[in-house]
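Just so it is clear, none of the values below were taken in a lab; they were calculated from the coordinates. Just so it is clear, the model here is predicted, and its values are computed rather than measured. Positions of Cβ are backbone-derived with ideal geometry, glycine not excepted, and every protein chain shown enters the neighbour counts.
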Amino acid sequence: MIFLNDSKAKLDQDRFIKKHLPLLRRVYGSSVERIELRTAQASSPGMPPSPILATSYVVIKDVQGFSQALAANSKEINDDLDATAKGTRISQVDRLVASVGDSMADVKAGTQVLTTLYPAQPDKTLDRNYFVATHVPKLFSIYGGSALRRVEGTLGVDQGPSKAAYLATTHLYIRDRNAYDNAQRQGMSDMIEDAKKYTTIFPLFGELRVQAVG
């Protein structure tokens with residue numbers, strides 16, 4: 001779930017961590033492997049505010065069990081979420097299609113995450129095969145294991161007639177911020193050229209931090 005940073009956006013982070021996250025864990029039980037709250041960090045000097053206020057990241061390991069739990073408890077979940085967050089939020093199912101580096105379990109609270117989202121747009125394209133097979137591994141190669149703990153690539157999944165709002169997403173989990181910044185300065189031109197090979201979409205960028213893991 002993506003909480004957009006619009007004029008009405010507000011998130012009670014403390015309430016989410018202490019009440020909403022345990023509620024999700026209780027409701028979903030063993031159908032989920034992991035639940036995270038990630039919140040936006042202050043933008044770098046000269047950069048616009050993050051378009052993303054926060055994300056709630058739920059890793060599903062039993063789709064049928066998750067769907068049943070959600071259907072049975074949707075009102076309780078939504079009522080509690082309404083009391084926790086205001087503004088526009090987008091719920092989307094993604095499929096993890098590529099990962100490089102450490103395991104997901106090694107990502108702890110406090111880890112910085114650079115998220116890039118590719119919104120579905122008319123007349124814009126994204127080469128999914130290139131994104132999965134080439135772009136995601138190349139990100140880890142450009143930055144290196146000293147800068148990044150893990151890289152993930154996901155593809156949006158349509159839900160019946162509801163189309164995915166974001167076609168693809170990457171998550172860069174930072175191990176060392178200084179090493180990351182240095183690698184970015186050196187590899188920026190390579191990343192820009194690589195982007196031309198798989199998409200015509202101008203993405204959204206969010207600089208987030210994992211605040212809680214459940």
Tell me the relative contact order for the chain as a rounded percent, counting alpha carbon contacts under 8 Å between residues six or more apart. 30
For the chain, compute the orientation-averaged projected area of the C-alpha convex hull (one quarter of its surface), in nm². 12.2
Beyond a 19 Å Cα-Cα separation, which of these cross-linked pairs lie in this structure: Lys138/Lys163; Lys163/Lys197; Lys108/Lys138; Lys19/Lys75; Lys138/Lys197? Lys138/Lys163; Lys163/Lys197; Lys108/Lys138
Hey, if you drop one equal point scatterer on each alpha-carbon of the stretch 1-114 and run the Debye formula without solvent, what base-10 log of I(q)/I(0) do you get at q = 0.11, 0.12 Å⁻¹? -0.40, -0.48
Using a 10 Å cut-off on Cβ atoms, rank the peptides 153-164, 130-141 from the highest mean neighbour count down. 130-141, 153-164
Hydropathy at least 1.6 by Kyte-Doolittle, axial extent at least 27 angstrom from the Cα trace: which helices of the chain, defined as entire DSSP H runs, fit? none
Provide the packing ranking of 166-173, 81-88, 55-62, 185-192, i.e. peptides ordered by the mean count of other C-beta atoms within 10 Å per residue, highest first. 166-173, 55-62, 81-88, 185-192
With +1 assigned to the C-beta of every Lys and Arg and -1 to the C-beta of every Asp and Glu, and no other charges, what is the dipole magnitude of the stretch 42-134 about the Cα centre in debye, to the nearest 20? 140
Determine the dipole magnitude for the chain: charges of +1 sit on the beta-carbon of Lys and Arg, -1 on that of Asp and Glu, nothing else is charged, the reference point is the Cα centre, and the result goes in debye to the nearest 20. 260
Projecting the Cα atoms of Thr84, Gln121, Val32 onto the charge dipole of the stretch 28-121, where Lys and Arg contribute +1 and Asp and Glu -1 at Cβ, the residue farthest towards the positive end is Gln121
About its Cα centre, what dipole magnitude does the stretch 132-193 give when the only charges are +1 on Lys and Arg Cβ and -1 on Asp and Glu Cβ, stated in debye to the nearest 20? 160
Principal axis box of the stretch 98-157, alpha-carbon based, largest edge first, Å: 38, 22, 17
Dipole of the chain (Lys/Arg Cβ +1, Asp/Glu Cβ -1, origin at the Cα centre): which of Pro22, Asn182, Ser99 lies farthest to the positive side? Pro22
